[in-house]
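The values are calculated or read from the model by the stated rules, or taken from the named source; none is laboratory data. What you are looking at is a predicted structure, and each value in this text was computed from that prediction instead of being measured. Every residue, glycine among them, receives a Cβ derived from its backbone with ideal geometry; neighbour counts consider all protein chains shown. Just the protein is used for accessible areas: all its heavy atoms, side chains included, with ligands, DNA and RNA removed. Shrake-Rupley method; radii C 1.70, N 1.55, O 1.52, S 1.80 Å.
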Amino acid sequence: MERGKELLRLLDRLGAEKGAKPAQIALAWILSRKPWIVPIPGSRKPEQLKENIGAAEISLSPQVISDIDTMLDTMDPLVLADHSAQESEETVVSLSVFIPGGFSMFNFDYYNPTHIVFGEDRIGELAKLIPEKSRVLMTYGGGSAKRSGLIGKIQASLGNIASFEFGGIEPNPRYETLIKAIDIIKKERIDFLLAVGGGSVIDGTKFLALAAKCKGNPQDLLKFGLAPIPPEVSSEALPIGVVLTLPATGSEMNSGAVISLGHSKLPVMSGLVFPRFSILDPTITYTLPKVQVANGIVDAFVHTTEQYLTFPVAAPLQDRMAEGILQTLIEIGETSVNEPENYDARASHVWSATMALNGIIAVGVPQDWATHMIGHELTALFSIDHGQTLAIILPSLLDVRRKQKRAKLIQYAERVWNVASGSDDDKVEAAISKTREFFERLGVKTRLSQYGVGAERIPEVVAQLKEHGMTALSETGDLDLATSEKILRNAL
Ligand code: NZQ
Ligand code: ZN
């Protein structure tokens with residue numbers, strides 16, 4: 001933080017000495033690097049453009065160039081970007097010219113082995129998807145899959161494959177519940193898990209897949225947060241198949257899970273638990289209560305914004321894919337909630353939710369999971385549904401963090417909400433209010449107080465965040481406990 005300010009002071013001082021703006025000094029520095037470097041600073045105002053051109057007239061002495069170099073050498077570019085967002089507009093210009101065009105796409109690996117089996121009436125293919133001699137444990141939730149006849153249908157399609165059942169996995173699946181399945185897995189020599197449910201059942205089943213093969217204490221699997229479980233703790237897992245009943249979490253095509261223990265929601269990440277296949281039949285979701293459909297839209301929407309509303313990098317394809325998911329959710333969201341048997345709306349809902357968190361839009365770009373991390377504490381403490389916690393936190397977080405996310409908020413307003421007129425400030429404002437209004441239109445309340453949580457409970461939430469090490473959230477790690485508290489108060 002201090003280093004960023006020092007750099008700004010240096011630019012100010014050099015600018016004052018030369019009668020130039022700090023941004024011009026920064027540009028002149030870039031021009032001094034190599035004769036073939038052409039800075040391309042972005043500018044929305046003609047005055048800024050003239051100012052930038054003026055930088056070509058400024059020549060910097062070798063000593064000045066070396067002073068700037070020395071300072072930059074000791075700084076992390078992420079810190080630079082973050083400061084540019086926190087400071088005045090003048091400063092934003094001066095710092096952003098150090099990163100002309102912003103950041104390049106980050107390096108990445110992408111791997112996703114899940115076979116998606118999409119469409120109506122695909123359950124009949126289960127016997128082809130599961131290895132012939134398997135001994136299958138079907139896992140499911142509190143009973144909706146039984147009541148709808150889905151479990152019976154699945155049993156019928158498994159034919160001669162040996163199958164067993166473990167029901168009763170609750171929303172926000174609990175360690176204490178899941179661990180009871182380990183005895184059945186061992187006793188019946190289960191070698192394939194078939195999750196029939198939404199995020200909770202799928203996540204719980206991922207945990208079981210790891211726990212069944214884990215040599216030490218299965219509770220240790222919950223200790224690694226968002227870091228992958230290391231191979232010395234877990235090197236094997238049972239294979240998993242999925243029949244999705246609730247489109248929301250993306251768990252059907254990713255390698256993450258969230259398991260509850262005490263008052264904690266603990267992430268579990270392991271490449272070993274990508275489902276082998278996931279059957280996504282939109283008609284299976286017709287029995288969902290409206291509230292869960294709406295939660296699902298919000299969850300998929302916020303997964304997308306957490307990978308999109310950060311700071312700009314040169315990743316236009318990822319941006320447009322994210323914008324496509326957001327626009328689709330806006331387009332079909334209300335229909336999916338209000339017309340439960342509208343196949344077309346539900347099919348797009350299902351596929352958007354899967355695409356929002358199968359890793360594809362995350363490649364090469366920054367991510368900010370602060371809304372989720374704060375939201376998890378609200379579920380753990382007050383049992384507010386996952387999707388509802390996100391509808392409470394996201395609009396408030398965008399409001400509090402509007403400076404840091406300014407460039408992407410303007411892009412979001414223009415490209416996702418089609419806000420064409422007004423100043424940049426107006427666009428940021430519109431983006432935030434349109435997001436809140438969208439959640440409200442789906443029937444999801446966006447204020448903490450509407451869920452019976454008042455200001456007096458906020459210190460508990462902050463204490464939980466501290467206990468769980470959530471003290472440096474956001475795309476740059478600068479969102480501390482005081483900011484989380486501000487976001488929570490702003491959400492009341
Ligand atoms: O338990 P049953 O009786 O099946 O009822 C469920 C449950 O009460 C019901 N339901 C599901 N499908 C139905 C249905 N009711 C009628 N018809 C159907 N077809 O819906 C209720 C909620 O189910 P749940 O699985 O809890 O919801 P969701 O899919 O939203 O999952 C939420 C869980 O996923 C975690 C959350 O933290 C939460 O624990 N997440 C997992 C992620 C991941 N693995 O990548 C990412 C997410 O951000 C999220 O954190
Ligand atoms: Zn989520």
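Ranked from largest to smallest solvent-accessible area, with a 1.4 Å probe on the protein heavy atoms, Ser61, Ser336 come out as Ser61, Ser336. If you wrap the Cα atoms of the chain in a convex hull and average its projected area over all directions, you get 24.9 nm².
Shape analysis of segment 121-280 places it in the prolate category; the axes a ≥ b ≥ c from the Cα gyration tensor give an a/c of at least 1.5, with a/b above b/c.
These residues, Asp424, Asp299, go from largest to smallest accessible area, 1.4 Å probe, as Asp424, Asp299.
Note on Thr335: accessible area is roughly 40 Å² with a 1.4 Å probe, heavy atoms of protein only. For Leu481, the solvent-accessible surface with a 1.4 Å probe is about 40 Å², rounded to the nearest 10. Sequence-distant contacts, meaning Cα pairs under 8 Å at least 6 residues apart, place the relative contact order of segment 121-280 at 24 percent.
Counting every C-alpha pair in segment 290-490, the share spaced more than 27 angstrom apart comes to 26%. Note on Leu492: accessible area is roughly 50 Å² with a 1.4 Å probe, heavy atoms of protein only. For the set Met105, Met470, the ranking by accessible area, highest first and with no ligand, DNA or RNA atoms included, is Met105, Met470 under a 1.4 Å probe.
Where both bridge residues fall in segment 177-318, DSSP classifies roughly 40% of the beta bridges as antiparallel.
Listed by chain and number, the lysines whose C-alpha is less than 21 Å from the C-alpha of Lys128, apart from same-chain residues fewer than 8 away, are Lys153. Gyration tensor analysis over the Cα atoms of segment 387-435 returns equivalent ellipsoid semi-axes of 19, 12, 8 Å (largest first, whole Å). The share of accessible area on the chain that comes from carbon and sulfur is 53 percent, using a 1.4 angstrom probe.
Restricting attention to segment 290-490, lysine pairs at least eight places apart or on different chains and with alpha-carbon atoms under 19 angstrom apart total 11. Packing, as the average of other Cβ atoms within 10 Å across residues, places the peptides 170-176, 198-204 in the order 198-204, 170-176, highest first.
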